[in-house]
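Heads up, the thing below is written out as structure tokens.
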Amino acid sequence: QVQLVESGGGLVQPGGSLTLSCAASGFPFSFHAMSWYRQAPGKERELVATITGPGNLRNYADSVKGRFTISRDNAKNTVYLQMNSLKPEDTAVYYCHFSAGNYWGKGTLVTVTS
């Protein structure tokens with residue numbers, strides 16, 4: 001049974017940082033690419049970042065390039081999203097996604113406000 005459990009969201013001021021984690025189970029984690037998506041209020045869900053199974057290739061949405069970093073620890077079956085220089089427009093529910101099986105976590109809320 002595939003499970004994706006996000007954590008690390010919260011309230012942060014503009015310019016601040018947060019690190020999200022997604023603990024995965026139920027599939028061979030190290031073989032599969034993982035992604036982070038986000039959905040802001042009233043907007044469609046959008047892809048934020050993707051990392052390959054070995055972690056050697058990463059892609060980012062233009063809106064987060066240079067500020068966010070996706071990484072993974074295959075020994076811990078966990079994928080991370082380090083978010084720096086946060087802006088109010090980064091406010092959203094952030095979701096972990098296992099694309100090969102099209103599984104989603106329940107999401108973690110990030111709110112950027114002064």
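The values are calculated or read from the model by the stated rules, or taken from the named source; none is laboratory data. All values derive from a computational prediction rather than experimental measurement. We place every Cβ from the backbone using ideal geometry, glycine too, and count neighbours over all the protein chains shown. Heavy atoms of the whole protein, side chains included, go into the accessibility calculation; ligands, DNA and RNA do not. Shrake-Rupley method; radii C 1.70, N 1.55, O 1.52, S 1.80 Å.
General remarks:
- The residue list 74, 59, 94 was ranked by how far each Cα lies along the charge dipole of the range 57-96 toward its positive end, using unit charges on Cβ atoms, and 74 comes out on top.
- Using the 1.4 Å probe convention, the accessible area of the range 59-114 works out to 51 Å² per residue with neighbouring protein chains retained.
- Two-site FRET efficiency, residue 30 against residue 109, from Cβ-Cβ distance with R₀ of 30 Å, rounded to 0.05: 0.60
- Average 1/r across all pairs of distinct alpha carbons in the chain, invert it, and you get the Kirkwood radius: 13.9 Å.
- Counted residue by residue at 0.36 nm each, then reduced by the alpha carbon distance between them, the extension gain from residue 46 to residue 11 reaches 10.5 nm.
- Remark: spin-label model distance residue 102-residue 62 equals 2.8 nm, labels positioned 7 Å along the Cα→Cβ axis.
- Estimated at the nearest 10 Å², the accessible area of residue 32 is 50 Å² with a 1.4 Å probe.
- Placing +1 on the Cβ of every Lys and Arg and -1 on the Cβ of every Asp and Glu, with nothing else charged, gives the chain a dipole about its Cα centre of roughly 80 debye.
- Residue-span extension gain [residue 84 to residue 1] - 0.36 nm each, minus C-alpha spacing: 26.6 nm
- Accessible area in the full protein assembly, largest first, 1.4 Å probe, for 11, 20: 11, 20
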